[in-house]
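Working notes, beginning with the structure itself.
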Amino acid sequence: MVFFGLLLGPLGWELFGTARHQKALEFVTGYLIELSLSVDNLFVFLLIFSYFKVPPKYQHRVLYWGVLGALIMRITMIVVGTELINRFHWIIYLLGAFLVYTAIQMLRGGETELEPDKQPIIRFITRHVPVVRHYERQKFFTRVDGKRVGTLLFLVLIVVEVTDLVFAVDSIPAIFGVTTDRFIVYTSNVFAILGLRTFYFLLAGVVEKFHYLKVGLGIVLGFIGIKMLLPVLSKLMAALCNVVGFQNLGHTVHGVEEIPVGIALGVVAFVLLASVLASLIWPAKAKSGESD
């Protein structure tokens, strides 16, 4: 919120001039999207730490280095993504279609299955970097018979980094649906990721209670995907209206090619808040440990 205030004030005036209010709204919208997707990541991180039985006192170290790695990976993806969009604008439509597909998959639900040892990239890394299956305090590497090998904590770090990379494939296109300004895209990602480590220890025990959050995220991703596809969809709908004889409606629809950032911010905030409130009002039913 302090950074949002700076964008509205001296920093925004220095960087964007009279466009600072628009950029500030883009930052808040992107931040909410990235932060909500990061909260969804917490559940997966919880599963990872549980799967590898990581002691709580070691989890801080994994998340610290995981956040640093995420920042490097995301700035690379943002630079490449913005460059491609600037050179080939039609890529934005592919990203929009991908977000709609992701939203459908997310809304379909299903249990999260976690079997890191079976992931190809994890198997590739462990094949080339020997890893012992035990912890050596907070060390990522140790020596066995004079040879430097990775510890189980190193393997956990790799799994966390790969998981964040997979989530970034969804979240980076989502922020491009709000803005393609590199500064706004990266700062919204940075603030969301920097909060991820703190949010984990704050929400790790209650994140499962937000069972409707995934539904909310699916709706948000679908909305952003449609926002990115709107220029194409409006032309198709206008052509359809003209074919069936509704020329006036077709002319009106043809002019709707963009959703203002203020409206997008309102929709994103409302959907996320509604999903959290719904989770609290209608708690998830306890799962039975007995098999049918």
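The values are calculated or read from the model by the stated rules, or taken from the named source; none is laboratory data. Computed from a predicted structure; not experimentally measured. We place every Cβ from the backbone using ideal geometry, glycine too, and count neighbours over all the protein chains shown. The protein model used for the area step is the full one, side chains on, heavy atoms only, and it has no ligands, DNA or RNA in it. Shrake-Rupley method; radii C 1.70, N 1.55, O 1.52, S 1.80 Å.
Residues in region 155-191 that are more than 20 Å from Met106 (Cα to Cα), small (Gly, Ala, Ser) and either out of contact with any Phe, Trp or Tyr (no Cβ under 7 Å at 6 or more places or on another chain) or modelled with pLDDT under 85 (or both): there are none.
Of all residues in region 1-21, those that are over 21 Å from Gly266 (Cβ atoms), free of Cβ contacts under 8 Å to residues at least 40 places away in the same chain and surrounded by 14 or more Cβ atoms within 10 Å (Cβ to Cβ) total 4. With respect to being part of a helix (DSSP H, G or I), within 24 Å of Gly262 (Cα to Cα) and open to solvent by less than 20 Å² (accessible area, probe 1.4 Å), Ile92 fits the description.
Yes or no, residue by residue, for (1) in a helix (DSSP H, G or I); (2) modelled with pLDDT of 85 or more:
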residue	(1), (2)
Ile48	yes, no
Val54	no, yes
Gln59	yes, yes
Val80	yes, yes
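I want to confirm something. Restricting to region 262-292 and keeping residues that are of a type outside the set (Lys, Arg) and modelled with pLDDT under 85, which single residue is least open to solvent (accessible area, probe 1.4 Å)? Going through the qualifying residues, I end up with Ala284. Every residue in region 22-31 that is surrounded by fewer than 23 Cβ atoms within 10 Å (Cβ to Cβ) and either of a type in the set (Gly, Ala, Ser) or under 12 Å from Leu221 (Cα atoms) (or both), please. Within region 22-31, just Ala24 meets the criteria.
Conditions tested, residue by residue: (1) open to solvent by less than 70 Å² (accessible area, probe 1.4 Å); (2) closer than 24 Å to Leu165 by Cα; (3) part of a loop (DSSP other than H, G, I, E, B); (4) modelled with pLDDT under 80.
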site	(1), (2), (3), (4)
Gly110	yes, yes, yes, yes
Leu114	yes, yes, yes, yes
Asp117	yes, yes, no, yes
Phe124	no, yes, no, yes
Glu136	yes, no, yes, no
Lys139	no, yes, yes, no
Thr142	yes, no, no, no
